[in-house]
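Working notes, structure below.
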Amino acid sequence: NAGVMQNPRHLVRRRGQEARLRCSPMKGHSHVYWYRQLPEEGLKFMVYLQKENIIDESGMPKERFSAEFPKEGPSILRIQQVVRGDSAAYFCASSSSGMEETQYFGPGTRLLVL
Amino acid sequence: TQLLEQSPQFLSIQEGENLTVYCNSSSVFSSLQWYRQEPGEGPVLLVTVVTGGEVKKLKRLTFQFGDARKDSSLHITAAQPGDTGLYLCAGAAGNTGKLIFGQGTTLQVKP
C-alpha cells in the first residue's frame, strides 16, 4: 500500500516564477493537509482540503498561494511569483477522514528560490 | 491561539542512557501524535494518544498523554544511536483536523 507521494522532491525557482507542488494521498484517503517547514522552525499548517473542497485555509498566506484537490488527480499547492522567503520544505499529509484521524505525511518538496 | 511547547530543543546523550521529551500546552487537544523526522524526509508517525491518562509503549519508547489532555511525554529507555533524529509532537486542533506542531526535539545518541 503506497504511502503519501509528493513530487517533485526538490524544486528550484527564480524569483517571480511559479511553483507547483503535487501530492497524491494514500489509497483510500480523501483528506489532504499541507504544511510548511521553514529552516530551523517547526511545521506550520497551511490548508486542509477534501475532494473539490477547501475546508480550512486559515494558515495560507493571503496572496500568491492557492491549493486545490480536484475530483481526479493529485492535490496541487501553487505559489505564484515566488520570493526568497518561500524557500522551505512543503509537506503534504493525508487521512481517511478529517477531525481526529491520524495524518500520514509524504516525503516533502524542498523549494529553493534563487 | 493553541501552542505546543516542546522541550528540550536539543539533547545529546550517550548510548544506554534514558531520556524524556516533554510537550506542554495550556490548551486541550482531542488527540496528540508523536512523529520522528529524519533529515530530508517527512515526519513518520510513532503513536497517537487519544484518552487522558493513556500510556502507550512501543518497544523502548513510552508515550503518555496527560489526564487533562494538555500535555504529553515521550520516554526512551536505553537509547541507541539509531534513535537519533528529530522528534515532533503534534496536537489535533479540535474541529478543524489541522495539527499544531511543537518546535521539535533534536536527539543525538552517541555510541
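Starting from residues that are touching a Ser or Thr at 6+ places or on another chain (Cβ under 7 Å) and buried (at least 21 other Cβ atoms within 10 Å of the Cβ), keep the ones in region B:75-100 and report whichever is nearest to residue A:31 (Cα to Cα). I'd like the intermediate steps shown before the answer.
Initially, region B:75-100 is screened for residues touching a Ser or Thr at 6+ places or on another chain (Cβ under 7 Å), giving B:75, B:86-87, B:89, B:91-92, B:94.
Subset that is buried (at least 21 other Cβ atoms within 10 Å of the Cβ): B:87, B:89, B:91-92.
Values: B:87: 24, B:89: 21, B:91: 17, B:92: 14 Å.
Out of the qualifying residues, it is B:92.
Residue-wise test of (1) buried (at least 16 other Cβ atoms within 10 Å of the Cβ); (2) of a type in the set (A, V, I, L, M); (3) within 30 Å of residue A:8 (Cβ to Cβ).
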position	(1), (2), (3)
B:26	no, no, no
B:40	no, no, yes
B:47	yes, yes, no
B:51	no, no, no
B:57	no, no, no
B:62	yes, no, no
B:65	yes, no, no
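Inspect region B:63-80 for any residue being on the phi > 0 side of the Ramachandran plot, assigned to a strand (DSSP E or B) and more than 11 Å from every other protein chain (Cβ to nearest Cβ) and give the result as yes or no. Working first, answer last.
Taking region B:63-80 as the starting set, the residues that turn out to be on the phi > 0 side of the Ramachandran plot are B:69, B:78.
Within this subset, residues satisfying the condition of being assigned to a strand (DSSP E or B) are none.
Taking every residue of region B:63-80 in turn, none turns out to be on the phi > 0 side of the Ramachandran plot, assigned to a strand (DSSP E or B) and more than 11 Å from every other protein chain (Cβ to nearest Cβ).
Report yes if residue B:103 is in a loop (DSSP other than H, G, I, E, B), under 25 Å from residue A:4 (Cβ atoms), within 11 Å of chain A (Cβ to nearest Cβ) and polar (S, T, N, Q), otherwise no. Break it down into steps so the answer makes sense when it comes.
On the way: in a loop (DSSP other than H, G, I, E, B): yes; under 25 Å from residue A:4 (Cβ atoms): yes; within 11 Å of chain A (Cβ to nearest Cβ): yes; polar (S, T, N, Q): yes.
In short, yes.
List every residue pair whose Cβ atoms lie under 7 Å apart, where the two residues are 6 or more positions apart in sequence or sit on different chains, the first residue falls within region A:40-65 and is surrounded by fewer than 12 Cβ atoms within 10 Å (Cβ to Cβ), and the second residue, located anywhere, is of a type in the set (A, V, I, L, M).
The qualifying pairs do not exist here.
Got a number for residues in region A:36-55 being in contact with a Lys or Arg (Cβ under 6 Å, 6 or more places away or on another chain) and within 12 Å of chain B (Cβ to nearest Cβ)?
5
Are any residues in region A:62-95 touching a Leu at 6+ places or on another chain (Cβ under 8 Å), closer than 16 Å to residue A:15 by Cβ and either assigned to a loop (DSSP other than H, G, I, E, B) or of a type in the set (Phe, Trp, Tyr) (or both), and if so, which ones?
A:65, A:82, A:87
Filter region B:70-98 down to the residues that are under 14 Å from the mean Cα position of the chain (by Cα) and charged (D, E, K, R), then identify the one that is nearest to residue B:34 (Cα to Cα).
B:71
Just so you know, all these numbers are worked out from the coordinates, no wet-lab data involved. Since we're looking at a predicted model, the values are computed, not measured. So basically every Cβ, Gly included, is an ideal-geometry build from the backbone, and we count neighbours across all protein chains shown.
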